[in-house]
Amino acid sequence: MKIICIGRNYVNHAKELGNEVPKEPLFFLKPDSAVLPKKQPLFYPSFTKDLHYEVEVVVKINRLGKHIEERFAHKYYNQIGLGIDFTARDIQQECKEKGLPWEKAKSFDGSAILGNKFLSIEEIGGDVNNIDFSLFKNQELVQTGNTKDMMFTIDKIIAYISQFYTLKIGDLIFTGTPAGVGPVSIGDQLEGFLQEEQLIKLNIK
Ligand code: MG
């Protein structure tokens, strides 16, 4: 299983970090070892002093495919979930300045949080281009988004990345974060919602 993450897919987030808005999807990978096992807390990694949450809608691939046309992309998934793309922002900044890959800042153990379940497209209301999602930190709303504000839709993302990677059953696509990313500290609790449903409850230790 691989995890493909899209960066800067919401204009308001690209701008908050002072980045240009990309003309084509920007992506990077996380290994399967990045997934935090269910019900475990995230232990604040010792190599960063600026660990940031990024709440994202996650798409689970259910069919093998390569060079998928956008008009057929919807046939390659039927479950939607919620995730957090944890980022060591200080290390990412260093990588960016040096023109180095981002993996060190993005792909460490525990950097991929997944909700406790995926929902069918029917359960999320039938339209993947109109999904509300949000993240609360210590009961305060910190991020809110809707997939209608994505620059590249889920189907466009699948068409684009499948030119480079064969998509396999079980692969996950983190589709980008809206504005409001920020730091966590030891003792914080994060709670994530997809539409009305709470899928994430995570303690930072
Ligand atoms: Mg992200």
**Item:** Lone unmet requirement of (1) out of contact with any Pro (no Cβ under 8 Å at 6 or more places or on another chain); (2) over 18 Å from Asp171 (Cα atoms); (3) within 14 Å of the ligand (Cβ to nearest atom); (4) not basic (Lys, Arg) for Cys5
**Value:** (2)
**Fill in**
Listed by range, strands (runs of 3 or more DSSP E) wholly within segment 1-89 having at least 3 residues that are within 16 Å of the chain's Cα centre (by Cα) and more than 15 Å from Met151 (Cα to Cα) are 26-30, 51-53, 55-61, 77-85
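Tell me which strands (runs of 3 or more DSSP E) are completely within segment 105-205 and hold 1 or more residues being aliphatic (A, V, I, L, M) and either at pLDDT below 95 or closer than 30 Å to Gly65 by Cα (or both), or say none if there are none. Don't jump to the end; show me each part of the working.
Working: elements: 112-114, 132-137, 140-146, 172-174, 189-194, 197-203.
Those strands (runs of 3 or more DSSP E) span 112-114, 172-174, 189-194, 197-203.
Which one is surrounded by the fewest Cβ atoms within 10 Å (Cβ to Cβ) among residues in segment 82-106 that are of a type in the set (D, E, K, R) and touching a residue at least 60 places away in the same chain (Cβ under 8 Å)?
Here is the first cut: in segment 82-106, the ones of a type in the set (D, E, K, R) are 85, 89-90, 94, 96-98, 103-104, 106.
Filter once more, keeping what is touching a residue at least 60 places away in the same chain (Cβ under 8 Å): 85, 89, 103, 106.
On the way: Asp85: 27, Arg89: 19, Glu103: 16, Lys106: 24.
Ranking the candidates gives Glu103 first.
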**Request:** Could you grab me the full set of residues in segment 93-127 that are farther than 24 Å from Glu20 by Cβ, of a type in the set (Phe, Trp, Tyr) and touching a strand residue (DSSP E or B) at 6+ places or on another chain (Cβ under 6 Å)?
**Result:** Phe118
**Residue satisfying all of: in segment 137-151; within 16 Å of the ligand (Cβ to nearest atom), touching a residue at least 60 places away in the same chain (Cβ under 8 Å) and surrounded by fewer than 21 Cβ atoms within 10 Å (Cβ to Cβ); nearest to Leu190 (Cα to Cα) among these** = Val142
**Asked** If you go through segment 133-166, how many residues are touching a helix residue (DSSP H, G or I) at 6+ places or on another chain (Cβ under 7 Å) and among the basic types (Lys, Arg)?
**Response** 1
**Request:** Identify all residues within segment 58-89 that are out of contact with any helix residue (DSSP H, G or I) (no Cβ under 7 Å at 6 or more places or on another chain), charged (D, E, K, R) and away from the ligand (no atom under 16 Å from the Cβ); write none if there are none.
**Result:** Lys60, Lys66, Arg71, Lys75
**Message:** Can you say whether Gln79 is surrounded by fewer than 21 Cβ atoms within 10 Å (Cβ to Cβ) and either in contact (Cβ under 8 Å) with a residue 24 or more places away in the chain or within 22 Å of Leu202 (Cβ to Cβ) (or both), as far as the supplied structure shows?
**Reply:** yes
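Tally time: how many residues in segment 162-181 are crowded, with 19+ Cβ neighbours inside 10 Å and of a type outside the set (Gly, Ala, Ser)? So that I can check it myself, show each step before the final result.
Taking segment 162-181 as the starting set, the residues that turn out to be crowded, with 19+ Cβ neighbours inside 10 Å are 162, 167, 171-178, 180-181.
Keeping just the survivors that are of a type outside the set (Gly, Ala, Ser) gives 167, 171-175, 177-178, 181.
Residues flagged as crowded, with 19+ Cβ neighbours inside 10 Å and of a type outside the set (Gly, Ala, Ser) within segment 162-181 amount to 9.
Of the residues that make up segment 110-120, is at least one buried (at least 17 other Cβ atoms within 10 Å of the Cβ), of a type in the set (A, V, I, L, M, F, W, C), without any contact (Cβ under 8 Å) to a residue 60 or more places away in the chain and away from the ligand (no atom under 16 Å from the Cβ)? Steps first, answer last, please.
Here is the first cut: in segment 110-120, the ones buried (at least 17 other Cβ atoms within 10 Å of the Cβ) are 110-115, 118-119.
After this cut, where a residue has to be of a type in the set (A, V, I, L, M, F, W, C) as well, the list is 112-114, 118-119.
Then keep just the ones that are without any contact (Cβ under 8 Å) to a residue 60 or more places away in the chain; that gives none.
The answer is no; no qualifying residue exists.
The values are calculated or read from the model by the stated rules, or taken from the named source; none is laboratory data. Since the structure is predicted, the reported quantities are computational estimates derived from the model, not experimental observations. Please note: Cβ atoms are built from the backbone with ideal geometry, for glycine as well, and neighbour counts cover all protein chains shown.
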